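Here the structure is laid out as structure tokens; the discussion comes afterwards.
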Amino acid sequence: MTTAYGPLSIWVVIVAIGVITYAIRLSFIALFGRIDDIPPRVEQALTYVPAAVLAALVAPALVSIQPTLVGTLTADRLLAGLVAAAVAWRTENVFATIAVGMGTLWLLRFVVPLVG
């Protein structure tokens, strides 16, 4: 694939995006390094960041669009993820969640097709 832009233009854009990204990240480090107390509203909002990041990383891995609705809702990853979420909610144990989720995934992927 070719573009109308030359190699120099492409490298300028790549470097500019890198500098802007670095400046954004540095601004937060510099900002929180200069203020002594984080405002309560900001601190309250920051408590949701880990859950939001985890959901953004996990959701695309669990949901795969199949040709039919039944196929989508019965996908092995989605079912195993739902079982793991239930275990996490009940036990609040990371290792139990991982073990039960992976066990369910392997069961659905390797054992259930042999039975059916």
Exclusive hit being modelled with pLDDT under 90 and outside the structural domain of ALA85 (by TED's automatic domain parsing), set GLY6, GLY18: GLY6
Within the stretch 70-90, tally of residues that are within 17 Å of ALA55 (Cα to Cα) and surrounded by fewer than 12 Cβ atoms within 10 Å (Cβ to Cβ): 1
Residue ranges of helices (runs of 4 or more DSSP H) in the stretch 1-66 with at least 1 members closer than 30 Å to LEU82 by Cα: 40-46, 49-62
Residue within the stretch 78-97 that is among the small types (Gly, Ala, Ser) and more than 21 Å from the chain's Cα centre (by Cα) present: no
Selection within the stretch 48-100 - touching a helix residue (DSSP H, G or I) at 6+ places or on another chain (Cβ under 6 Å), within 19 Å of VAL112 (Cβ to Cβ) and among the polar types (S, T, N, Q): GLN66
Subset of the stretch 91-102 [part of a helix (DSSP H, G or I) and either acidic (Asp, Glu) or exposed (fewer than 14 other Cβ atoms within 10 Å of the Cβ) (or both)]: THR91, VAL94, PHE95, ILE98, ALA99, MET102
Test: residue in the stretch 58-78 that is polar (S, T, N, Q) and under 28 Å from PHE28 (Cα atoms): no
Members of the stretch 67-77 found to be over 19 Å from the mean Cα position of the chain (by Cα) and in a helix (DSSP H, G or I), listed by number: LEU69, VAL70, GLY71, THR72, LEU73
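The values are calculated or read from the model by the stated rules, or taken from the named source; none is laboratory data. On a predicted model such as this, the values are computed, not experimentally measured, just so you know. In this analysis, Cβ positions are derived from the backbone assuming ideal geometry, glycine residues included, and neighbour counts consider all displayed protein chains.
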